[in-house]
1. Which one, A:Pro55, A:Ile77, A:Ala119, is farthest towards the positive end of the dipole of chain A when Lys and Arg carry +1 and Asp and Glu -1 on their Cβ?
2. So, in Å, what gap is there between the alpha-carbon centers of region B:362-429 and region A:184-263?
3. If each residue of separation counts as 0.36 nm, what is the full-extension length gain between B:Phe323 and B:Ser48 once their alpha-carbon separation is subtracted?
4. Grab the beta carbon distance between B:Ser312 and A:Ile37, set R0 = 35 Å, and tell me the FRET efficiency rounded to 0.05.
5. Using 0.36 nm times the number of residues separating A:Gln225 and A:Ser15, minus their current alpha carbon distance, what extension gain do you get?
6. So, in nm, how far is label B:Glu133 from label A:Arg120 when the simple model puts each one 7 Å beyond its Cα toward the Cβ?
7. Label the protein assembly as shown by shape, choosing from rounded, prolate and oblate, from the square roots a ≥ b ≥ c of the eigenvalues of the Cα gyration tensor; if a/c is under 1.5 it is rounded, and otherwise prolate applies when a/b is larger than b/c, oblate when it is not.
8. Take the alpha-carbon centre of region B:68-144, take the same for region B:190-242, and report the distance between them in whole Å.
Amino acid sequence: MVWTRKDLLGLEDLSQEEIEAVLSTAESFKEVSTREIKKVPALRGKTVVNLFYEPSTRTRVSFEVAAKRLSADVINIASETSSVRKGETLIDTGRNIEALKVDIIVVRHNYSGAAIMLARSLRASVVNAGDGWHEHPTQALLDIFTLKEKLGKIAGLNVTIVGDIAHSRVARSNIWGLTKLGAKVTVCAPRMLIPPGIEQMGVRITEDIDEALSRADAVNVLRMQFERDEENAFPKQLEYFKNYGITQERLEKARKNIIVMHPGPINRGIEMSSEVADGMNSVILEQVTNGIAVRMAVLFLVAAANENIKNEDSN
Amino acid sequence: MKILIKNARVIDPANNLDEIRDVLVENGKIAQLAKDIKLEADNIIDASNKIVMPGIVDMHVHLREPGREDKETVSTGTKAAACGGVTSVLVMPNTLPTIDSVENIKLLKGIIKQSAYVNVFIAASITKGRKGEELTDIAKLKKEGAIAISDDGASVDSEIILSGALKKAKKEVVLLICHSEDKALSAAGVVNLGFTSTRMGLRGISKESEYKRVRRDIELAAKLNTPLHITHVSCSESVEIISRAKKKGVNITADTAPHYFSLTEEAVLGYDTNMKMNPPLRSKEDAESIKHGLADGTIDVVASDHAPHTESEKEIEFERAEFGVIGLETELAVCITELVKSGLLDWPGLVRKLAFNPAKILGINKGTLTPGSDADLIVVSPENEWVVEKKRFLSKSKNSPFIGKKLKGIVEYTLVAGKVVYKSEIHPH
């Protein structure tokens, strides 16, 4: 078997084969959601905990739907309602959840590396649902899955990622995943939102959005998280839309069938116009649908691998 | 009480000595260094194939007492020191309370007198509470026993205040030690700025935040013609700046810590908080530059920057974890492994970095085996290998970046004032 990891923590560590294993597993799970009875027994008797330290609706719901369609039992823990507020450490929380004989912990955390730390301390599987600015592997996998579904391949594609690259875990995971599969990635943002050394991840950098779009087969538009601009490093919203916002006018100068993606939730009129978000090139809602198949695949693969690890340990 | 150490390779740079000798220790002093001493002794140690050198003088240590006895105490920290071959430490003043007044020095001296296994020298703070605002009474602190001043952990931002401190330090003949960091530049950073901070999704600490402040501190020292010591140098630019200043004759000295030449930022990629310290681990090129700085004399001293922290302060999210690592028990072996075995320094060269130079810089009568001096010495098996294990640390805290590493060089005996304070049979590695 290609997939032997008990955890999915990021795409940086994964090989091309491992990423392809997730994508092909997702393909086979996609059909489940089109059935009248949208359920398979793959994770029956397994328990999945969604441990979310950051507010999130779409990712949490997507994981919950994915787990339920695999027949797992799902429990949601949000930091506001748990002992996390009482000062319990992440590892202690994880160990307590594990003591409930939970099989998979899906963790979203505002600190980079939190999922890695948790995975190191636990025998349960850990799936990273986004850690700080570091990685958001399932988002990138569903972006890649959608792209591949639309264009038939990833190798050789020109993909542009626009927006706050510096603070984006979605950007990092997409860059690792896409480059491993042979795509050519361009990142486009004002200089202050380009983190140092990013070219060493194998990307091209440009500040010119029209140039970045001109050769692109797809553009992944990041959410501008103005609410998180602690260092006051962001351009003003209107200025950003003027210089980097994806508009129909800009798309007309790009390739005709350019794919427009967005991890959501969209700031209409900031990252892209409503016209683009709802337009012909947008695959934003398909990304949401594909997210379920990809997360089903990830939950399934890590659970199976962990089962194997446990069996080997007991032999 | 007589101790006779037989057939040792005795290394004492102060006397240009590197030969097979016997060492006689009597009444706490080095009594004789000679070939084949034929005398009765209370304790005869066969040191064939072993090295005898002056005990390490570690000029950058945090023992946490008073105030943070959960991390380390003078007792546990100096036991760890003895185990690492360190016979003298200079303790940094960032305790609770800060060592910024006569009363607080008295408090610390009381603790040291009761519980220290090795010599403990005191660095008081430059400014009250290490806030960088108001100078301490350096004359009184010196009189009470402080031999150096430092706001370690913080840099004195104000040039006016630092100038005032330098003038006082010169007058009172205490060494001013600079933690050179511009916090306005390093801000909330936690790892080296660049590809490492980017791929980890963490805020970076630029090399600029260090070397710009190193440059400023040296310029002030030059202007006021006052000795100044830069501690924990981590990057090539700092090495370059120090080297140029030394060539111009500026009276400065510098130290680095073992992790800055033995580890690089690669070690931090797994978010291991035992790799988190300030300044952060830098690039491979920086580590090389530190090594060359040690070899060519730009960097005078290796000091541990022993910074114990509890598990609850370290086993948490990387950004929230405390900065700092322990080092007393590993520094000698890391130096042997990385500097001597690689041919970068010879043994006498290493003894200079660890014992002779720091003693000289601090102006203390240590770091030598000259007959008549205090018998602070160590017996080392230079070739023996050991693996660093968490459970074997004598330090109260276990936050070492070297856990799991195989190192060369074992401390067999540590003597302080002629008394055996550590023997490897007791805590075999």
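1. A:Ile77
2. 56 Å
3. Gain on extension, B:Phe323 to B:Ser48, equals 94.9 nm.
4. Once the sixth-power term is evaluated, E becomes 0.10.
5. Gain in length upon complete extension: 72.6 nm.
6. 3.8 nm
7. Prolate shape, in that a/c is at least 1.5 and a/b is the bigger ratio.
8. Between the Cα centre of region B:68-144 and that of region B:190-242, the gap is 25 Å.
Quick note: the coordinates plus some simple rules give every number you see, no bench work behind them. Worth saying up front: this structure is predicted, and the values here are computed from it rather than measured. Cβ sites come from the backbone with ideal geometry, for glycine too, and all protein chains shown count toward neighbours.
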